[in-house]
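The values are calculated or read from the model by the stated rules, or taken from the named source; none is laboratory data. Please read these numbers as outputs of a predicted model, since none were measured by experiment. Neighbour counts run over all protein chains shown; Cβ positions are idealised from the backbone, glycine included. Surface areas here come from the heavy atoms of the whole protein model, side chains and all, with no ligands, DNA or RNA. Shrake-Rupley method; radii C 1.70, N 1.55, O 1.52, S 1.80 Å.
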Amino acid sequence: MNYENRDTYGMYKSTNGSGPGPRLMGADTLVGNDVYNKQDEDIGDIKEIMLDMSTGEVCYAVLSFGSFLGMGEKLFAVPWRALTLDTENKRFVLDVDKDRLQDAPGFNKEQWPNMADQSWSNDIHTYYGVKSQTRYE
């Protein structure tokens, strides 16, 4: 599903440049969006968006990958900066192949990591090759 289909307020309907457009987007419209890699393979969808409440910065998109009817679902916190919006195909792109994602640090929905832990954050940013901007105190 893509953000235009989830747009209950009509914020993406305007074609004259008014409205939020793809530069400012509603978080609720992004949850459920497909994520593909650069090889045009479907690698999951966005399950949640994690915000740093002290700065208002979007830190992570939590992706789901590798489940069949919800069974065996593995979740991945991907730094927001590692994702790019593909406005032509109405989806996100993550520059990682499927094998690397399968080996990525992940978690299950019953046991989330402490995403405010700086060591964990550094490891995740390093894994996806993006610089961490957030410092938790």
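If R0 equals 35 Å, the separation of the Cβ atoms of K47 and K13 corresponds to a calculated FRET efficiency of about 0.85. Here the 3J(HN,Hα) profile of segment 116-124, calculated from phi with Karplus coefficients 6.51, -1.76 and 1.60 at θ = phi - 60°, is 8, 6, 4, 5, 4, 4, 4, 4, 5 Hz, Gly and Pro shown as x. Between the amide H of L51 and those of C59, distances stay under 5 Å, these residues lying 5 or more places away or on another chain, with hydrogens modeled in the peptide plane. Around the amide H of G44, modelled in the peptide plane, lie the amide H atoms of V35, all under 5 Å away and 5 or more residues distant in sequence or on another chain. Between E57 and K38, full extension at 0.36 nm per residue minus the direct alpha carbon distance yields a gain of 4.3 nm.
Extension gain, R23-D117: 0.36 nm per intervening residue step, less the Cα-Cα distance, totals 30.9 nm. Here each label is just a point 7 Å from Cα along the line to Cβ, and for T87 and E4 those points are 1.2 nm apart. Normalised by 2.2 N^0.38 Å, where N is the number of residues, the alpha-carbon radius of gyration of segment 68-130 equals 1.22. Legend: distances between Cα atoms for K47/K109; K38/K98; K13/K38; K74/K98; pairs beyond 19 Å are K13/K38.
Summarise the accessible area of segment 70-122 (1.4 Å probe, protein heavy atoms) by the percent that is carbon and sulfur.
The nonpolar share, carbon plus sulfur, comes to 42 percent.
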